[in-house]
Amino acid sequence: MSSGSDVASARERARGLDRDDELAFTRREFNIPTKAQIASTRLPDSDSTTPGSNDDAESRCIYLCGNSLGLQPKRTQTRINQYLATWAAQGVQGHFKPLEGSPLPTWVDADERAAQLIAPIVGASRAEVAVMQTLTANLHLLMSAFYRPDLNGRHKIILESKAFPSDHFAVETQLRHHGLDPATSMITLTSPTSPEDNILTTAEVLSAITTHASTTALLLLPGIQYYTGQLLDIPTITSHAHKHGIFVIWDLAHAVGNVPLSLHDWDVDAAAWCSYKYLNGGPGCIGGMFVHERHSAVTRQITDDRPEEGYTNRLAGWWGNDKATRFAMATKFHPVKGAAGFQLSNPSILDITSLSASLEVFELAGGVGRLREKSVRLTRFLEEILNGMAEDVGGLFRVITPSDPQQRGAQLSLKLQGGLLNTVMRELERRAVIVDERKPDVIRVAPAPLYNTFGDCVAFVEAFGEALAIAQKEKLGSS
């Protein structure tokens, strides 16, 4: 912002927007670290992790990093304590014994309850989703079931050149597992119009699909690209791939809980996601997958003498077995109908309890659609005040995320001039402003509508301007 009057104006606008925000109450559902906690190098006492009121804005840090790790819902500790109390008092009986007054399902039903909560967030039926494993494990499980290369025909997998490294690793190792060479069987998309940032237009994606259609078996793309924050046109790309006979898997790590999804209606084949970003499940928390009902049906009565027929083959485990016979300890696999039939081991109840606590807050907020409306306003406001920064610092960065709200989620990626990143991150941390970096020169800023405010956006831009000025001074002083 170019002057003191601009700062005052932005603050006043933010106060008005926050005052009129119908979803402001959800902020009180989260533990927002204080500035003192952010600066501390000591493990806090257990009774000091939720100090004071979140309305005490002056003492709170500015946390804009929900695209990396979402903040902790206050009810998470309550639900985990209830789980621990059940384990302590009931032992193994917790698997099957409902407890009066408990909001928690029995452990044997915990995955079903979590699936019921996540289904509306991804736009699917409960039977089409499973809360299980972690993101990359689920991508491997999906590819093991649905990637069927024909060595003389369709064998290629298409992904984007700047995909998250795990997606690259998963694709490369799947290809090698089938005896294929990534150099000839992996197609990485790069934008000819935006090679540096790789903002892929929908037309460029569709053109690449058409070009490689006759030799492509599978398409794996991110719903939202982690580096740029670009939201891809999932339904259009999916439909085009299907016209060319290509199976489509979406990595929704940055899209789930961030933007409305309609996976069933968009005819998506399969998808996988993590839960520790916008879903606020906790570090490394359990992931999830979607498998469209046409790919997860059990189409005939499975018999012990023909156990492999009537369903899509997949890597299987006992928790994917039909619940009616799961504990019979039979060695013939009878999968649960739907995505649950892709499960392996019994899931971590600790993880599911933590995730489900956060999903309760999504219900309280009225779903992703309402949150998306606020998110668009937050991100637009942030972009406006970034664009209004003083020329001496405003010229030191550019926003590489598309300006069109239909092409982005909650994240803005800011590309700095070379040599500024380390100092900018240091100065932001000194001011208790938490964002994340992607080397060599990008910071990602994500106002999450569940707990961020318009005031947070103003505070960030003020701190960012100060950090840029210091970074530029240090760079010039060292040259």
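So here's what we get for this one:
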read-out	value
Any hit, segment 378-388, residues being at pLDDT 95 or above, surrounded by fewer than 19 Cβ atoms within 10 Å (Cβ to Cβ), closer than 19 Å to Ile224 by Cβ and basic (Lys, Arg)	yes
Residue in segment 385-407 that is in contact with a Pro (Cβ under 8 Å, 6 or more places away or on another chain) and either part of a loop (DSSP other than H, G, I, E, B) or not hydrophobic (A, V, I, L, M, F, W, C) (or both) present	no
Residue match in segment 429-441 (condition: closer than 26 Å to Ser9 by Cα, open to solvent by 50 Å² or more (accessible area, probe 1.4 Å), touching a residue at least 24 places away in the same chain (Cβ under 8 Å) and in a loop (DSSP other than H, G, I, E, B))	yes
Condition met for Gly282 (assigned to a loop (DSSP other than H, G, I, E, B), out of contact with any Pro (no Cβ under 8 Å at 6 or more places or on another chain), open to solvent by less than 40 Å² (accessible area, probe 1.4 Å) and modelled with pLDDT of 95 or more)	yes
Residue under evaluation Gln406, criteria (1) buried (at least 16 other Cβ atoms within 10 Å of the Cβ); (2) in contact (Cβ under 8 Å) with a residue 60 or more places away in the chain; (3) under 23 Å from the mean Cα position of the chain (by Cα), criterion not met	(1)
Hits in segment 108-135 (condition: out of contact with any Gly (no Cβ under 7 Å at 6 or more places or on another chain) and open to solvent by 40 Å² or more (accessible area, probe 1.4 Å))	Asp109, Glu112, Arg113, Gln116, Ser125, Arg126
Boolean, Gln82 is under 30 Å from Ile38 (Cβ atoms) and either crowded, with 18+ Cβ neighbours inside 10 Å or of a type outside the set (Val, Ile, Thr) (or both)	yes
Test for Thr325: is it farther than 19 Å from Ala137 by Cα, part of a helix (DSSP H, G or I) and open to solvent by 20 Å² or more (accessible area, probe 1.4 Å)	yes
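Results for (1) part of a loop (DSSP other than H, G, I, E, B); (2) closer than 30 Å to Gln82 by Cα, shown as yes or no for each residue.
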position	(1), (2)
Ile286	yes, yes
Arg294	no, no
Trp319	no, yes
Thr353	no, yes
Ala357	no, yes
Leu371	no, yes
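Quick grid of which residues meet (1) farther than 21 Å from Pro335 by Cβ; (2) in a loop (DSSP other than H, G, I, E, B); (3) of a type in the set (A, V, I, L, M); (4) over 22 Å from the mean Cα position of the chain (by Cα):
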residue: Lys97; (1), (2), (3), (4): yes, yes, no, yes
residue: Glu100; (1), (2), (3), (4): yes, yes, no, yes
residue: Pro103; (1), (2), (3), (4): yes, yes, no, yes
residue: Ala115; (1), (2), (3), (4): no, no, yes, no
residue: Ile121; (1), (2), (3), (4): yes, no, yes, no
residue: Leu139; (1), (2), (3), (4): no, no, yes, no
residue: Asp150; (1), (2), (3), (4): yes, yes, no, yes
residue: Leu159; (1), (2), (3), (4): yes, no, yes, no
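The values are calculated or read from the model by the stated rules, or taken from the named source; none is laboratory data. Treat the numbers as computed from the prediction; the structure is a model and nothing was measured. All Cβ positions, glycine included, derive from the backbone under ideal geometry; neighbour counts span all protein chains shown. The area values use the complete protein model at the heavy-atom level, side chains included, leaving out ligands, DNA and RNA. Shrake-Rupley method; radii C 1.70, N 1.55, O 1.52, S 1.80 Å.
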